[in-house]
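S.K.: Pasting a structure below so you can have a look.
Taken together, the values in this text are just the output of simple stated rules run on the coordinates, not laboratory data. For clarity, every value in this text was computed on a predicted model and none was experimentally measured. Cβ atoms come from the backbone with ideal geometry, glycine included; neighbour counts cover every protein chain shown.
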Amino acid sequence: MTASWNRIPRVEHAAEVTLDRRGRALPDVPRPLLAHGLGRSYGDVCLNPEASLLHTPGLDRFVAFDAATGELTAEAGLSLDALLHFAVPRGWFPPVVPGTRFVTLGGAVANDVHGKNHHQAGSFGDHVRALTLRRSDGQVLEITPETTPDWFAATVGGLGLTGLIETVTLQLAPIRSAWMRAWSQRFDSLDAFWELNAQSEREWPYTVAWIDCLNPGANGRVGRGIYGGARHATTAPRKDAWHERRRSIPLDPPVSLVNRLTLRAFNHVYYRQPVHATPRAVHHLPWLFPLDAIRHWNRIYGHNGFYQYQCVLPPTDAKDGVQALLDAIAASGQGSFLAVLKTFGARPAPGMLSFPRPGATLALDFPEKGRDTERLFARLDAIVQEAGGALYPAKDARMPADVFRQGFPRWEAFAEYVDPEFSSGFWRRVTA
Amino acid sequence: MNPMKNVVLFGATSAIAAAVARDLVDTGARLFCVARDGEALEALLADLRVRADDPDGARILGATADLADIDGHAAIWQQAQEALGEVDSALLAWGTLPDQAACNASVDETLEAIHVNGTSAIALLARIAPDFEARGGGVIAAIGSVAGDRGRQSNYVYGTAKGMLATYLQGLRNRLFFSGVDVVTLKPGFVRTPMTEGFNRAGALWAEPETVARGIVRAMRRGRDVAYLPAKWWVIMTIIRLIPEYLFKRLKL
């Protein structure tokens, strides 16, 4: 049974097919169809209950690479992990990476993913130069932002609904080292975060903050945390070798290991971790993908799974809104394991359904606790809607249709581009 | 250790052989890839050329050929030798998984499956062996199967072809030993490839093509005689071979 990373919802598919060659007709399986890459989204954008999934990780071939310009074309099932293996030793880097490298290029396009460098680099789609898209009527569209801007805007961030993305052409960014220069600093309240963030964003291409959403900070309200900034280094440290110490959660614990007690303790210890105010050399893998070192980390929530809740609030309401969200979470006593706060840059995202937009984005995860979780989400939704924000489809298993429609006002225009033989659990849920 | 500098991959677009090719590219090997489907071959060559920093195709070469057509063997082998200059390694990796029920109902299907998976591979081995013998070194490997170790009602036609191939390789190994040529019999277990699409492929017995490919390259470099891939299949197949026939025939395997 194919599930998404958070294991909610659990659904059955009518058929699941592994694609291994591009340029072939879509397989003869029950419609509608949906491409499924590495299943790292948190919900049903990558699921197609009672219908069919097309597994794409076998479409992982490089097509062309220009070593002079860094323009790379590859099949859409290629993972960012494989791309990093190829590109880093050659002095190139994916211009935007999300918090895990175990996603496919196709998934990165379909969700127009963002990274810790959004304020300077924009989202993944900003660096896509071309796409090939197979439609169910047999057409193969060659899409570029210049020649077919409408199809480009629909397919970037289009949640895989406009057809099967077969190849992606991406402009890589030059780097001079596999290492980064990174620093971190504690802040004791959200006010301190905003101040630190305003300075840091100007100087550092990658920034992110972790928030302790259980233990109050200096001003008596939740909002303390650790801020980090980094840039690609121009040199490697003397000891250049770095090996990822891989750990794995071997099996499902009988109950979720994430509960009030462990959360409070974890957040307390995490906040007390050593910080390094002076930038030091850190390899890009642990800095950009800390959780990738723990295989199957999603198992800590046990068989029942968990929810992600990631919202964006526009700049005018960001300060009050983020504090209100944290207060609501603290009041519910359901704190999140890893709460991540980051501000997006001002550039408009390339896709009609792109999630990144100017403002602040807060990502949280919560164990599945039935009614209590629902009630908390309803409160958080109200704050997001009040602020005119949006929730991230790639991390959603439950948003009500009205929250989606308010957050993505171009959804009806987008619907014109949806392939009649493609759909997803998410799309049916928010448009029904 | 076999250096594997100039390698011919027959059936190169199969999932396992393609993974072998990617492994070899990283070691700096020159490759000649043979496959039936021209489009798939082009996609494979493009991928390997990007990985090899070889946009002009100086190191990564290939040609199409239907290897089930024995009459074409001499020409494609000639072409491979000319393209690479010298061939020090060959891997035979083509095959199909026949539908046993269809074979039960059709003599033609049975013989066709044995031809594609067994006879045609033996024909190519017989074709290339003298050149390795004359060269006095190198490694020839062919992908057999654990299915060749014992006939079972669910896929004994496939098993027959692979068993025949294994016996041929055994004899060839003995013959070429005296010329310094290694002959490697590869016996993968269950592998998640397009060939096994439609099976329930969950569980510890199923391996990824990349894992099997690493095992193949290792076995070829070391000149192993027989390699079960992954190695636990040696234990499994030893037990299966030890079951007395009067019991085995009663099992629904």
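S.K.: Which FRET efficiency value, to the nearest 0.05, do you get for A:L261 and A:V88 by plugging their Cβ-Cβ distance into 1/(1 + (r/R0)^6) with R0 = 30 Å?
M.R.: 0.15
S.K.: For A:12-21, what's the mean count of beta carbons from other chains sitting within 10 Å of each residue's beta carbon?
M.R.: Values: counts 0, 0, 0, 0, 2, 3, 8, 1, 7, 7.
Average per residue, whole number: 3.
S.K.: Calculate how many DSSP beta bridges within the protein assembly as shown are antiparallel, expressed in % of all such bridges and rounded to the nearest 5.
M.R.: Rounded to the nearest five, the antiparallel share is 60 percent.
S.K.: Sequence-distant or interchain residues sharing an amide H contact under 5 Å with B:G189, placed H: which?
M.R.: Distant-sequence amide H within range of B:G189: B:L229.
S.K.: Report the one residue of B:N104, B:A52, B:I76 whose Cα lies farthest in the direction of the positive end of the charge dipole of segment B:50-114 (charges on C-beta: Lys and Arg +1, Asp and Glu -1; origin at the Cα centre).
M.R.: The listed residue farthest towards the positive side: B:A52.
S.K.: Now for a different question. For chain A, set up a Gaussian network in which alpha carbons nearer than 10 Å are linked by springs, and say which option among A:G335, A:G77, A:G138 fluctuates the most.
M.R.: Result for chain A, Cα springs under 10 Å: A:G138 fluctuates most.
S.K.: Filter the cross-link list A:K116/A:K239; A:K116/A:K395; A:K319/A:K395; B:K187/B:K232; A:K369/A:K395; A:K342/A:K395 down to pairs whose alpha-carbon distance in this structure exceeds 20 Å. Write down the numbers at each step before the final one.
M.R.: Working: A:K116/A:K239 26 Å; A:K116/A:K395 17 Å; A:K319/A:K395 22 Å; B:K187/B:K232 11 Å; A:K369/A:K395 17 Å; A:K342/A:K395 16 Å.
Long pairs (Cα-Cα over 20 Å): A:K116/A:K239; A:K319/A:K395.
S.K.: Applying 1/(1 + (r/R0)^6) with R0 = 41 Å to the Cβ-Cβ distance of B:T167 and B:Q81, what FRET efficiency is obtained, to the nearest 0.05? Provide the component values of the computation, followed by the final result.
M.R.: Values: r = 27 Å, r/R0 = 0.66.
Calculated value: 0.90.
S.K.: OK, next. Report, in deg cm²/dmol and to the nearest 500, the calculated mean residue ellipticity at 222 nm for chain B, where each DSSP H run with n ≥ 4 adds -39500 (n - 2.57) and the sum is divided by the residue count. Working shown, then result.
M.R.: Values: 10 runs with 119 residues, N = 253.
Calculated at 222 nm, the ellipticity per residue is -14500 deg cm²/dmol.
S.K.: When only C-alpha pairs under 8 Å and at least 6 residues apart count, what is the relative contact order of chain A, in percent?
M.R.: Relative contact order here is 19 percent.
S.K.: Related question: Could you state the number of Å between the C-alpha centres of segment B:198-242 and segment A:348-411?
M.R.: Taking the Cα centre of segment B:198-242 as reference, the centre of segment A:348-411 is 47 Å away.
S.K.: Sorted by packing (mean other beta-carbon atoms within 10 Å per residue), highest first, where do A:247-254, A:222-229 land?
M.R.: Values: A:247-254: 11.5, A:222-229: 23.2.
Put in order of decreasing packing, that is A:222-229, A:247-254.
S.K.: A further question on this structure: Once you charge only the Cβ atoms, +1 for Lys and Arg and -1 for Asp and Glu, what is the size of the charge dipole of the protein assembly as shown about its Cα centre, to the nearest 20 debye?
M.R.: For the protein assembly as shown, the charge dipole is close to 2700 debye.
S.K.: Let me ask another. Applying 1/(1 + (r/R0)^6) with R0 = 25 Å to the Cβ-Cβ distance of A:K239 and A:V269, what FRET efficiency is obtained, to the nearest 0.05?
M.R.: Working: r = 28 Å, r/R0 = 1.11.
The computed FRET efficiency comes out at 0.35.
S.K.: Using Cα pairs under 8 angstrom and six or more residues apart, how large is the relative contact order of segment B:6-248, in percent?
M.R.: Numbers: 420 pairs, mean separation 44.7, N = 243.
The normalised contact order for segment B:6-248 reaches 18 percent.
S.K.: Roughly how crowded by other chains is peptide A:58-66, in terms of the mean Cβ count from those chains within 10 Å of each of its Cβ atoms?
M.R.: Shielding by partners across A:58-66 averages 5.
S.K.: Can I ask one more? Name the residue from B:G223, B:F248, B:L169 whose Cα lies farthest towards the positive end of the charge dipole of segment B:157-253, charges +1 on Cβ of Lys and Arg and -1 on Cβ of Asp and Glu.
M.R.: Of the candidates, B:F248 comes out farthest on the positive side.
S.K.: Give the separation of the Cα centroids, segment B:61-84 to segment A:156-218, in Å.
M.R.: Taking the Cα centre of each part, segment B:61-84 and segment A:156-218 sit 52 Å apart.
S.K.: Show me the ranking of peptides B:94-107, A:347-360 by mean Cβ neighbours inside 10 Å, starting with the highest.
M.R.: Going by the mean number of other Cβ atoms within 10 Å, highest first, we get A:347-360, B:94-107.
S.K.: What is the set of long-range amide H partners of A:E71 at a cut-off below 5 Å, with H atoms built 1.01 Å from backbone N?
M.R.: Amide H to amide H, under 5 Å and 5 or more residues apart or across chains, A:E71 pairs with A:D66, A:L172.
S.K.: Using only the Cα atoms of segment A:179-407, what semi-axes does the equivalent ellipsoid have when each is the square root of 5 times a gyration tensor eigenvalue? Give whole Å, largest first.
M.R.: In descending order, the three semi-axes are 27, 23, 18 Å.
S.K.: Among A:322-330, A:200-208, how do they line up from the highest to the lowest mean number of other beta-carbon atoms within 10 Å?
M.R.: Packing proxy ranking, top to bottom: A:322-330, A:200-208.
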